[in-house]
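As structure tokens, the structure follows; a few thoughts come after it.
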Amino acid sequence: MVIAIDGPAGSGKSTVASVLAERLGLTYVNSGTIYRAFTLLILRNAVDITDEQAVCAVIESAALHYKGTQVYVQGEPLNESLHTDEIDKNISVIAAIPLIRRRVNRLIQDIAEETDIIVEGRDMTTVVFPHSDYRFFLDASLEARAKRRFEQGVSQLSLQDIQETLAARDALDRHEAEGRLTIGHGVTVIDSSQLTIEEVCEQISRRIPLTQH
């Protein structure tokens, strides 16, 4: 079984997917964590992110492994290093490169062949698992998403700066030539702007037959 969740940055999809994975006994796969790991790798190598050929060369030679919810690159666990303002600033550029998107998508599809998963990202419901029976688009207003990021306390930016960063990322994510953020046909849309995590989880759970739990 594959439960796929898409949505813009800060919509709460990571938290929702993590909670549901634990409740339903599924493997949680966070596509954003993989893109963040690749972005960190590029920044560490001081590669010009606008030089697509150089970026791809670094990524192609990287040994990336996803186990549980932890991403390893060259054997190093990276999750604790992936939420920085610098990565937030550059991740959309890295994630827009077709070769990198295809590598990440293949990795996630390989995981799904071995176990039941719940996966979230920006094109999981439209590109990676377009035929899954359980596809959701978790949306929220820009203001609500910025407030959530600000209250997480992981950014050094002001609330206004976070909102501007998210708006810029939205523009990139929604207009990419490949893997753009969009609502696919038949995908269930949930606006989480005024909902708690528990309320979102309940809405998704109600749409999954008990026989699947």
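The values are calculated or read from the model by the stated rules, or taken from the named source; none is laboratory data. Values in this document were obtained by computation on a predicted structure and should not be read as measured data. Cβ sites come from the backbone with ideal geometry, for glycine too, and all protein chains shown count toward neighbours.
Odds and ends about this structure:
- Filtering region 43-83 to residues that are of a type in the set (S, T, N, Q) and in contact (Cβ under 8 Å) with a residue 12 or more places away in the chain leaves ASN45, THR50, THR69, GLN74, ASN79, SER81.
- Where helices (runs of 4 or more DSSP H) fall entirely within region 77-190, those with at least 1 residues that are at pLDDT 90 or above, touching a strand residue (DSSP E or B) at 6+ places or on another chain (Cβ under 6 Å) and closer than 22 Å to ILE3 by Cα are at 98-114.
- Flag if GLY32 is out of contact with any His (no Cβ under 9 Å at 6 or more places or on another chain), crowded, with 16+ Cβ neighbours inside 10 Å, within 24 Å of GLN152 (Cβ to Cβ) and not acidic (Asp, Glu): yes
- Flag if THR15 is under 25 Å from SER141 (Cβ atoms), among the hydroxyl-bearing types (Ser, Thr, Tyr), touching a residue at least 60 places away in the same chain (Cβ under 8 Å) and surrounded by fewer than 20 Cβ atoms within 10 Å (Cβ to Cβ): yes
- Against the test of being surrounded by 17 or more Cβ atoms within 10 Å (Cβ to Cβ), over 14 Å from the mean Cα position of the chain (by Cα) and under 27 Å from ILE204 (Cβ atoms), the options GLU143, GLU176 yield a single qualifying residue, GLU176.
- Of the listed requirements (1) at pLDDT 90 or above; (2) out of contact with any Lys or Arg (no Cβ under 7 Å at 6 or more places or on another chain); (3) surrounded by 15 or more Cβ atoms within 10 Å (Cβ to Cβ); (4) part of a helix (DSSP H, G or I), GLU202 misses just one: (3).
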